[in-house]
Amino acid sequence: MTSSVSNNNSALDGMYWDSKAKDKVAEKNNGALTQEDFFALLTQQLAFQDPTKPVENDQMIAQMTNFTMADGIGSLNKSFKGFAESMSSNQALQASSLVGRSVLIQSKELVFTGETLSRGSIELDKPANMMQVRIENEKGELVRSFSVENPKMGKNDFVWDGTDANDEIVTAGVYKIKVEASYTDGTNASLPVNVYAPVGSVSMNNAGGGITLNVLGLGAVKLSDVLEVSYS
């Protein structure tokens, strides 16, 4: 009799259950096992096990331990996801305070609003005799150029008042900026430029891209790429 009971039921990893219990689990949780489902299946296993070959205590404990660990990891993942979402919301809230401020970012373009001075900085990593700054329009035509003699090591700030070579105010817009340094060792090199630009809005990327700042004229910039915040 024992053998007939055992043969009339299917097995998976040493666990037995009837078709109704299996369908109930699948229907309720879309195939995902919960703690309630686990104990339901465990009850089925105990009810239909072969009395001549009962499940050993250590096997049952191992099954319960494995499920508990899996359930704990699932709960931890949910908690971590909630924590990450909370952190992103807090970052977005903090970043929103930058709207209306100017941030320093690395860029090959410079914004002239027509109302305020355009500012930026150039980092010099070794001694130089001179730095040549070129400001060009979108067509690559020279608008204004100026030299900085004997620039200092480190950060060198610059200001452009929006005038061209004839000291006339240019149209507000985005201009290209290029800087070349003449080093004391006789070599020349193009240098990256950091510019200040006003922040118009803040976006929170739900795809895991983090917080981005929508900078006037320069588009989206990652919050992590901001080098400095200006309150002027």
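The values are calculated or read from the model by the stated rules, or taken from the named source; none is laboratory data. All values reported here derive from a predicted model rather than from experimental measurement. All Cβ positions, even for glycine, are placed from backbone atoms using ideal geometry, and neighbour counts span all protein chains on display. Accessible surface areas use protein heavy atoms only, side chains included; no ligands, DNA or RNA. Shrake-Rupley method; radii C 1.70, N 1.55, O 1.52, S 1.80 Å.
Listed here are the strands (runs of 3 or more DSSP E) enclosed by segment 89-159 that have at least 3 residues being at pLDDT 85 or above and under 30 Å from MET204 (Cα atoms): 102-106, 109-112, 118-124.
Just one residue in the set ASN188, ASN194 is at pLDDT 90 or above and open to solvent by 90 Å² or more (accessible area, probe 1.4 Å); that residue is ASN188. Here is a check on your reading of the model: is GLU149 open to solvent by 70 Å² or more (accessible area, probe 1.4 Å), without any contact (Cβ under 8 Å) to a residue 24 or more places away in the chain and not aliphatic (A, V, I, L, M)? It is true that GLU149 is open to solvent by 70 Å² or more (accessible area, probe 1.4 Å), without any contact (Cβ under 8 Å) to a residue 24 or more places away in the chain and not aliphatic (A, V, I, L, M).
One residue alone among GLY217, GLY210 is surrounded by fewer than 17 Cβ atoms within 10 Å (Cβ to Cβ) and of a type in the set (Gly, Ala, Ser), and that residue is GLY210.
Looking only at segment 170-195, how many residues end up being part of a strand (DSSP E or B) and either closer than 12 Å to GLU109 by Cβ or of a type in the set (S, T, N, Q) (or both)? Qualifying residue count, segment 170-195: 11. When segment 106-138 is limited to residues that are among the basic types (Lys, Arg) and open to solvent by 80 Å² or more (accessible area, probe 1.4 Å), the one that is nearest to VAL229 (Cα to Cα) turns out to be LYS108. The residues in segment 160-169 that are outside any loop (DSSP other than H, G, I, E, B) and open to solvent by 30 Å² or more (accessible area, probe 1.4 Å) can be counted, and the count is 1. Against the condition open to solvent by 50 Å² or more (accessible area, probe 1.4 Å), touching a Ser or Thr at 6+ places or on another chain (Cβ under 8 Å) and touching a residue at least 12 places away in the same chain (Cβ under 8 Å), how does VAL103 come out, does it pass? Against the criterion (open to solvent by 50 Å² or more (accessible area, probe 1.4 Å), touching a Ser or Thr at 6+ places or on another chain (Cβ under 8 Å) and touching a residue at least 12 places away in the same chain (Cβ under 8 Å)), VAL103 does not qualify.
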